[in-house]
């Protein structure tokens, strides 16, 4: 594997990575576009390496699959920023750096003399991206903010779960990833501005704001219909259940496909599974169900929509017939059948399903990455986009702790082995 890709979009950009879980996806996005991302770690490795699961369940800072995924394409050095010698080394690195990404509490870098104003005096074109829970200022700026705080304060958690239960934490570090994505976008904008002016700037990203921005559907719902988006449980888009089991897993689809119920009912009838749903009563009910949360009384004035509220057993019967049909088909059969009938139905995939998904297999979404130290090759998720001119690429496996100390300190900064020994003895590197 080469260290740089000649066709990479960010091949001339160097990034110093001072992030924890909140920002590690940001620097991954930059590294995958070709940036030379140098991850600065403590002597024992950063906390991302402590995050499981671990390769073959061996708990080791060099075997974290979380670290594998988010730190591929990066280099690693050990450096103590709280040591004066370590700070001097960092300043030397900044001279030839384009971007620094950090997730420290506001004010921490200033205490070390490494805030944006100080670094800007060393390198006026430097971009400092700061990713925190609530931003660099404001009454909450100094508060602790793990992912659960971001998705709660940003409003995402309020919409997750069942209406008669407390809000549900979505998991998967949604807050961290949203903040990281916005930070990467901000960095690219700042790099473009620097191309025009030669000036760097600080990019201030608040996880709370990133999460709030991402739930714009809730805002649109109020703007258009004056409806406050609330927890819906299995009622994902309409007033009816939309998540059902089938022969080999789960699918998401309104009973009989919602607006495409006529085509689905014909399919069910062809297989002898329509039961009594072709009777006039159920034909009327299915028309109403197809409109969901919209106002069916205004759209279908000839139908008594209150009848559904007063007789929930009608809906329950339709769902029972629908469920019986689903249990005779696999997710793939249902998905293809609904695609042919122009009906919205989505299989709900687990990790194994994603790995085996025929669409992703054909597009070679999973990428093989060699791990010589492990004596094996592992499959990594591919890029979130495809660029024809400057392709996304995994160029190297994730680094070992301090793997690139010699290359960066000796060959790039020109420090002698004696100087390195003195720095190491003093706790700087």
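Residue-wise test of (1) within 25 Å of the chain's Cα centre (by Cα); (2) within 30 Å of residue 139 (Cα to Cα); (3) surrounded by 15 or more Cβ atoms within 10 Å (Cβ to Cβ).
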{"position": "71", "(1), (2), (3)": "yes, no, yes"}
{"position": "77", "(1), (2), (3)": "no, no, yes"}
{"position": "81", "(1), (2), (3)": "no, yes, yes"}
{"position": "88", "(1), (2), (3)": "no, no, no"}
{"position": "94", "(1), (2), (3)": "no, no, yes"}
{"position": "101", "(1), (2), (3)": "yes, yes, yes"}
{"position": "126", "(1), (2), (3)": "no, yes, yes"}
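The residues of the range 53-92 that are out of contact with any strand residue (DSSP E or B) (no Cβ under 6 Å at 6 or more places or on another chain) and either assigned to a loop (DSSP other than H, G, I, E, B) or not assigned by TED's automatic domain parsing to the domain that holds residue 121 (or both), listed by number, are 53, 58, 59, 60, 61, 62, 72, 73, 80, 81, 82, 83.
Being in contact with a strand residue (DSSP E or B) (Cβ under 7 Å, 6 or more places away or on another chain), in the same structural domain as residue 325 (by TED's automatic domain parsing) and buried (at least 17 other Cβ atoms within 10 Å of the Cβ) holds for only one residue in 251, 264, and it is 251. Determine whether residue 415 is out of contact with any strand residue (DSSP E or B) (no Cβ under 9 Å at 6 or more places or on another chain), within 30 Å of residue 263 (Cβ to Cβ) and buried (at least 16 other Cβ atoms within 10 Å of the Cβ). Considered against the rule, which asks whether it is out of contact with any strand residue (DSSP E or B) (no Cβ under 9 Å at 6 or more places or on another chain), within 30 Å of residue 263 (Cβ to Cβ) and buried (at least 16 other Cβ atoms within 10 Å of the Cβ), residue 415 comes out as no. Here residue 138 passes the criteria (1) on the phi > 0 side of the Ramachandran plot; (2) surrounded by fewer than 17 Cβ atoms within 10 Å (Cβ to Cβ); (3) at pLDDT below 95 except the one numbered (3).
Are any of the residues in the range 215-224 modelled with pLDDT under 95 and not in a helix (DSSP H, G or I)?
yes
Residues in the range 370-383 that are part of a loop (DSSP other than H, G, I, E, B) and free of Cβ contacts under 8 Å to residues at least 40 places away in the same chain: 375, 382.
Taken together, 323, 293 contain a single residue that is modelled with pLDDT of 95 or more and either assigned to a loop (DSSP other than H, G, I, E, B) or under 36 Å from the mean Cα position of the chain (by Cα) (or both), which is 323.
The values are calculated or read from the model by the stated rules, or taken from the named source; none is laboratory data. Here the structure is a predicted model, which means the values were calculated and not measured. Backbone-built Cβ (ideal geometry, glycine too); neighbour counts: all protein chains shown.
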